[in-house]
Amino acid sequence: MIDNKELQTRAVSGDDTGVACRTGLGVSYEVAERIRLRADWDLLLNVGDEDELGETDINVFSVRSEFRF
């Protein structure tokens, strides 16, 4: 059970702009003629605003299957 006293919400304004670096790697393996498995890693650097909510790097790992028709 989640204690509501521990939950926090923050408002984010939509008027901020900026540039962040994004890089990553991916591999694909063909299981059959029309089926592939894919794994990806993406790294987003300096996401956020140091003054508001904080700035951090984000790692995204994903695995998926591809079916070609």
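The values are calculated or read from the model by the stated rules, or taken from the named source; none is laboratory data. Note that the coordinates shown come from a computational prediction; the quantities given were computed from them, not determined experimentally. Cβ atoms come from the backbone with ideal geometry, glycine included; neighbour counts cover every protein chain shown.
If you take the residues in the range 6-54 that are among the basic types (Lys, Arg) and surrounded by 10 or more Cβ atoms within 10 Å (Cβ to Cβ), which one is modelled with the lowest pLDDT?
Arg22
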(Q) Go through the range 42-59 and report how many residues are in a strand (DSSP E or B) and either over 19 Å from Leu25 (Cβ atoms) or in contact (Cβ under 8 Å) with a residue 24 or more places away in the chain (or both). (A) 9
